[in-house]
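Here the structure comes first, spelled out in structure tokens, and everything after it is commentary.
Please treat every number below as a calculation from the coordinates, not as lab data. This is a predicted model, so every value here is computed, not measured. In this analysis, Cβ positions are derived from the backbone assuming ideal geometry, glycine residues included, and neighbour counts consider all displayed protein chains.
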Amino acid sequence: MSDLFATEKIPPFEIPKKEGYSSKWNDKLKGFDIKIPHGKILYAEHFFNKKISDRSIEYFLENNSNDWRVADWRNLDREKLSNVRFKNIDWQHDKLKMYGKEVFLPRYSAWYGDKPYTYSGLTLQPKPWDKRLLYIKNAIDKIAKVRFNSVLMNWYRDGEDYMNWHADDEPELGKNPVIGSVNFGEIRDFIIRKNGSLEKITIPLKHGTLLVMGGELQHFWQHCIPKRKKSKQARLNLTFRIINTTD
Ligand SMILES: O=C(O)CCC(=O)C(=O)O
């Protein structure tokens, strides 16, 4: 049969129609290979199916007292939340020093893998790999064609939690880091903006989406997760990384 009328697959977000930008469907990935000036992105909207994604968020938030789907995490005061015993992941509410004052990060986090990691003045000591994290890592190692050795887990309790503009460009991530981002739970926008320009791309990260950033992207672009006040549900983001230190 002729594929004269076959429609070209396009990503579910807008990519500038300009020189230096392109996207191509990758059948093996069931997603897109995207080129942007000084960077590349793999985007697979449904890389993990619903069953695996549902089980993953349930597993990572499993605890002795609250059903993750209905718990009002924001309004559990800090003392109550610090008494929740998470069964599989050691969630931390880290603090940063800003203008001489200690402030809690607007999300919870956890660091697993082989090496310590320092960012924004915080040094995170790794917890040993968990079996589900390893299962996810093995699946995405194949796609990203690297061997990730660590993962930063971010838990956004609801749309009030966010991550500011930054690049993953710490020296221990090496020259052109490959970052594998896996997403479960509430859909949130991941925005990238080109340094010194107004150019932005808004990428929806959904339940089961895989996004891999590579090339020189971390040196020429920043990214963030803005607040989405209407969103009431939890979201987990797992950014797999390669830490190059020798210790
Ligand atoms: O939550 C996200 O998707 C972004 C995470 C991120 O930028 C980071 O961990 O550096």
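A few remarks follow.
- Region 165-181, subset more than 9 Å from the ligand (Cβ to nearest atom) and assigned to a strand (DSSP E or B), residue nearest to Asn244 (Cα to Cα): Gly180
- Condition broken by Phe148, with the remaining ones in (1) within 10 Å of the ligand (Cβ to nearest atom); (2) of a type in the set (A, V, I, L, M, F, W, C); (3) assigned to a loop (DSSP other than H, G, I, E, B) satisfied: (1)
- Among all residues of region 122-134, there is at least one that is farther than 30 Å from Lys51 by Cβ and either of a type outside the set (A, V, I, L, M) or surrounded by 20 or more Cβ atoms within 10 Å (Cβ to Cβ) (or both).
- Test: Lys95 is within 30 Å of Asn244 (Cβ to Cβ) and among the charged types (D, E, K, R): yes
- Restricting attention to region 195-230 and to residues that are surrounded by fewer than 17 Cβ atoms within 10 Å (Cβ to Cβ) and part of a strand (DSSP E or B), the residue that is nearest to the ligand (Cβ to nearest atom) turns out to be Cys224.
- Any hit, region 72-92, residues being within 25 Å of His166 (Cα to Cα) and of a type in the set (Ser, Thr, Tyr): no
- When Asn138, Asn149 are checked against the criterion of being free of Cβ contacts under 8 Å to residues at least 24 places away in the same chain and within 19 Å of the chain's Cα centre (by Cα), a single residue qualifies: Asn138.
- Of the residues making up region 208-227, those that are touching a strand residue (DSSP E or B) at 6+ places or on another chain (Cβ under 6 Å) and within 28 Å of Trp73 (Cα to Cα) are Thr209, Leu210, Leu211, His223, Cys224, Ile225.
- No other residue among Ser109, Ser150 is closer than 30 Å to Leu29 by Cα and in contact with a Leu (Cβ under 7 Å, 6 or more places away or on another chain) apart from Ser109.
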